[in-house]
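The values are calculated or read from the model by the stated rules, or taken from the named source; none is laboratory data. Here the structure is a predicted model, which is why all the values come from computation and not from measurement. Note that we place each Cβ from the backbone using ideal geometry, even for glycine, and neighbour counts take in every protein chain shown. Surface areas here come from the heavy atoms of the whole protein model, side chains and all, with no ligands, DNA or RNA. Shrake-Rupley method; radii C 1.70, N 1.55, O 1.52, S 1.80 Å.
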Amino acid sequence: MARLGPGGTAGGPAALTASVLLVVAAVSGCSAAAPDAPPTSATTSRAATPTSSATPTRSAGDGGPALPGDLATAARAAYDSLSDEQRIGQLFMIGIPSSGVTSEQLVALRDLSIGNVILGGNTDDSVDEVGETTAEASAATTYAAVAPFVAVDQEGGSVQRLRGPGFSDMPSALHQGGEGAAQLRRDAARWGRELAAAGINLDLAPVADTVPSAHARDNAPIGRYGREFGHTPAEVATSVVAFVRGMSAAKVGTTLKHFPGLGRASGNTDTDSGVTDPTRADDEHLGPFRAGIRAGAPFVMVSSATYPAIDPGHRACFSSKVMRSLLRGTLRFGGVIVSDSMDARALDGVSPGQRAVRFLAAGGTMLLDVSGADLRAMVSAVTDRARTDPRFAGVVEAAVLRVLAAKSAAGLTA
């Protein structure tokens, strides 16, 4: 492999069987569309503090805003302390059961140098019991004093993974939005403190999609479950900011999803193929994402639907126009672009390795794989491509530095 920078060592990842990390898939998933063209080689204590608000003076190697000087220095120091395998592992977030992790699963995470985890599946375990799970996972995925992002889907309503003693009963986002911004900010801070007490530093929320009222019941991924904060971009933006700031006050990072929006999607990206959404590059429905970025959300999750008005030839998770041009360029997002789960049925027809390579080549930062069934294939594909393609190796390096900058801001590096 082409060396990614000082301090690395060569070597291939260990095998990981599908059963080792199998957990229940999260509600949000990728969805299939028309075949994508082959990619070209183009070149975020455990508090996820905002990293995307600084005004950059130049672009970084991934096409996004330059990292602020202090975070760039810290990220480079952390980068130099890691091996090549550990650097690539920073680009993956892999599912572990929220109800407990086995020793075999911990060994598998360590063997593949995985740098981040997500709790998959619902559990009635208490805050303390979940904390034991996250402590074990964190210990297994810390390398050279670089600790993991430990994430969970904790939106509220039908998408609340942690429901045991010590975790509040969170209402749906639609109900949250109706309570007003001040109340939502207080509630989000309380929910964030509960997550932090359980060793979780990243919430894969809030949903920033806007579902027009006339289509609320018909919108399969969002409206049907009341996952939207409201029915106009202004309503959603106000609640997104309140949620982001409340969680930030509790030192828990947030993830705006599902960029550039699923509020008018033609189907559910979890179960349907060929899902499209009419969002345009100048759409008012981008307003909640822009507001959340300005409020300091360190992560944005990119959708797997296709957006014909932006890039008709590619799913968003494989689209440079969506990630580099629109999210990095127009919205000036400087944080981590995370995929929706790469294990979704909706991505059938694209091999696991190509999913990983295409996502990174198009400007993505971190690959989410809830089940982990295809993890070895994805890690191997990224590793092999970086060995043989210097430009892709540069893309990987820029993505790793982006993750390490976010971790530095969150207190996850030495």
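Ordered from largest to smallest accessible area (heavy atoms of protein chains, 1.4 Å probe), the residues His258, His175 come out as His175, His258.
For Lys407, which aspartates and glutamates qualify as cross-link partners when the Cα separation must be under 17 Å and same-chain residues fewer than eight apart are set aside? Reachable aspartates and glutamates: Asp70, Asp80, Asp203, Glu397. Each peptide in 177-186, 110-119 was scored by the mean count of other Cβ atoms within 10 Å over its residues; highest first, the order is 110-119, 177-186.
Working note: 222 nm ellipticity from helices only, DSSP H runs with n ≥ 4, each -39,500 (n - 2.57), summed and divided by the residues of the chain, gives -10000 deg cm²/dmol to the nearest 500. Charge dipole (Cα centre; +1 on Lys/Arg Cβ, -1 on Asp/Glu Cβ; no other charges) of the chain amounts to roughly 1160 debye. Could you pull out every one of the lysines with an alpha carbon less than 23 Å from that of Lys321, ignoring same-chain neighbours closer than 8 positions? Excluding near neighbours in sequence, the set is Lys257.
Computed over region 301-385, the Cα gyration tensor eigenvalues convert (square root of 5λ each) into semi-axes of 21, 14, 11 Å, ordered from largest to smallest. Heavy-atom accessible surface of region 248-379, averaged per residue, reaches 26 Å², computed with a 1.4 Å probe. In region 268-414, a dipole from Cβ-located charges (positive for Lys and Arg, negative for Asp and Glu) runs towards its positive end, and of Pro312, Phe359, Ser273 it is Phe359 whose Cα lies farthest in that direction.
The value obtained for region 255-339, namely the Cα convex hull volume divided by the number of residues, is 78 Å³ per residue. Comparing Cα centroids, region 209-226 and region 333-399 end up 30 angstrom apart.
Solvent-accessible area of Asp218, all protein chains in place: 110 Å² (probe radius 1.4 Å, heavy atoms, ligands and nucleic acids excluded).
Computed from the alpha carbon positions, the gyration tensor of the chain leads to an equivalent ellipsoid with semi-axes of 28, 24, 21 Å, biggest first. Comparing Leu106, Gly192, Val130 along the charge dipole axis of the chain, the residue lying farthest to the positive side is Gly192, per the Cβ-charge model. Heavy atoms only, probe 1.4 Å: what % of the accessible area of region 332-413 goes to carbon and sulfur, would you let me know? Carbon with sulfur: 46 percent of the solvent-accessible area.
In terms of accessible area, using a 1.4 Å probe and ignoring ligands and nucleic acids, Lys321, Lys257 rank largest first as Lys321, Lys257. Solvent-accessible surface (1.4 Å probe) assigned to Arg264 amounts to roughly 70 Å². Charging the Cβ of each Asp and Glu at -1 and of each Lys and Arg at +1, and nothing else, the dipole of region 115-202 about its Cα centre rounds to 340 debye. Taking all protein chains together, His285, His314 sort by accessible area into His314, His285, largest first [probe 1.4 Å].
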